[in-house]
1. Hey, rough spin-label estimate for A:K110 and B:L4, points 7 angstrom out along Cα→Cβ, what's it come to in nanometres?
2. Within chain B, which whole H helices from DSSP have a Cα span along their axis of at least 24 Å and a mean Kyte-Doolittle hydropathy of 1.0 or more, if any?
3. Under a 10 Å cutoff between Cα atoms, tell me which one of B:T82, B:T73, B:T134 has the largest fluctuation in the Gaussian network model of chain B.
4. Hey, can you rank A:145-155, B:57-67 by average C-beta count inside 10 Å, highest first?
5. If eta is 1.567 mPa s and T is 4 °C, what Stokes-Einstein diffusion coefficient results for region B:55-174, Kirkwood Rh from Cα pairs, in µm²/s?
6. I need the calculated FRET efficiency for the pair A:A63 and A:L195, taking r as the beta carbon distance and R₀ as 45 Å, to the nearest 0.05.
7. How many nm separate the modelled label positions at A:E55 and B:T82, each set 7 Å beyond the Cα in the direction of the Cβ?
8. Of the residues B:L33, B:L141, B:L108, which exhibits the maximal mean-square fluctuation in a Gaussian network model of chain B defined by a 10 Å Cα contact cut-off?
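The values are calculated or read from the model by the stated rules, or taken from the named source; none is laboratory data. Not measured: the values here are computed from a predicted model. Because the Cβ atoms are built from the backbone with ideal geometry, glycine has one as well, and the counts that use them run over all protein chains shown. Heads up: the accessible areas ignore ligands, DNA and RNA and are worked out on the full protein's heavy atoms, side chains in. Shrake-Rupley method; radii C 1.70, N 1.55, O 1.52, S 1.80 Å.
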Amino acid sequence: MVGQDSSDDIEDVSLFDADDDVSRRSKKSKIRHPVASFFHLFFRVSAIVVYLLCELLTSSFIACMVTIILLLSCDFWAVKNVTGRLMVGLRWWNQVDDDGRSHWVFEARKVSAQGSKTSSEAESRIFWLGLITCPMIWVIFAFSALFSFKVKWLAVVVMGVVLQGANLYGYIRCKVGSRKNLTSMATNYLGKQFLRQVSFPGFWKPSSHTCFYPSASLLPGL
Amino acid sequence: MRDLKAVGKKFVHVMYPKKSSALLRDWDLWGPLVLCVSLALMLQGGSADSKDDGGPQFAEVFVIIWFGAVVITLNSKLLGGTISFFQSLCVLGYCVLPLTVAMLVCRLVLLAGSGTVSFIIRLIVVVAMFGWSTLASTAFLADSQPPNRKALVVYPIFLFYFVISWMILTFTPQ
């Protein structure tokens, strides 16, 4: 009897923890702006795909080039104006003062206290993944075009590198702030990663079907 | 949308070049991109080796326009101009609009025939649009320079639009 009660208690505790984990996981992995996430990746990836498959798709160099240019410019506009703002809360632009001097402004959205407006982890991961890998792929294409002497593609590839590199640089400046914040940001990030590893899945059982395991082992009499 | 309206307003400012801050203050490079692509599309397929289906010419026009604009901007900045890099690129790109109109007119005239009369018409149109382009861009750009350096800034702009006009005038379709 006493054993039953205690096993019920342990079951209740484990279920409660599983509930908490599920809600935490859903908040982190929920994608709040599916359309923006889709378009963030769609334009970049399709520009790369068209560049790779252009010889197979159509024999006209000009159609390929115009398509890639259109996709690259749509991607630049979408990432700079829409997806950065929605997915990670960062934006950057150029401002010209009244006396004619121009300067670049980089802004990051403040994290509000109740956390309802914070961006989800999944969106942030999608955003940065797309933002970082595509310019690197275009740089690889640039070197391959240069060394295989396919010079006519160099204009398109250079345009790809410049546009996507500009977005990458702008958002990194937004995120980092100024140069001397980089080391403090890196240590903060590493510290947070370490804490997350320690506190999250090590002690709590993540799903409900494994919660019976420890209760069975804790009560060897039953 | 906001960006499209801004681009349209700049096109209007180029056609009637008064000293306005719209072109200079809120620069954007969408208009130059559209103009460059349409000019390059209209100029392709116009020379002897058609086996490459006009590929190199498209990239050539693109590179000439953008590289030329960058060089002029660097030149004006090295001469001590007060205008920023992207503002200058914006003005130079938008002032290609009259030449794009000239290209359109030339293509229509060439559809009708390619004799001496059509050449004279094309010459007049191209020279007029070239003058308009150069005057529009110098109206925006030359004010940012000290007065004894104005000619040094105007000359590369003149050369840039001259090269583009030459490409337009010597275009003969296959």
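1. It is 3.6 nm.
2. Both cut-offs are met by B:55-78, B:116-141, B:150-169.
3. Per the Cα network of chain B with a 10 Å cutoff, B:T82 tops the list.
4. So the peptides A:145-155, B:57-67, ranked by packing, come out B:57-67, A:145-155.
5. Details: Rh = 15.1 Å.
Translational diffusion coefficient: 86 µm²/s.
6. On the way: r = 52 Å, r/R0 = 1.17.
The computed FRET efficiency comes out at 0.30.
7. 5.4
8. Sorting by GNM fluctuation, first place goes to B:L108.
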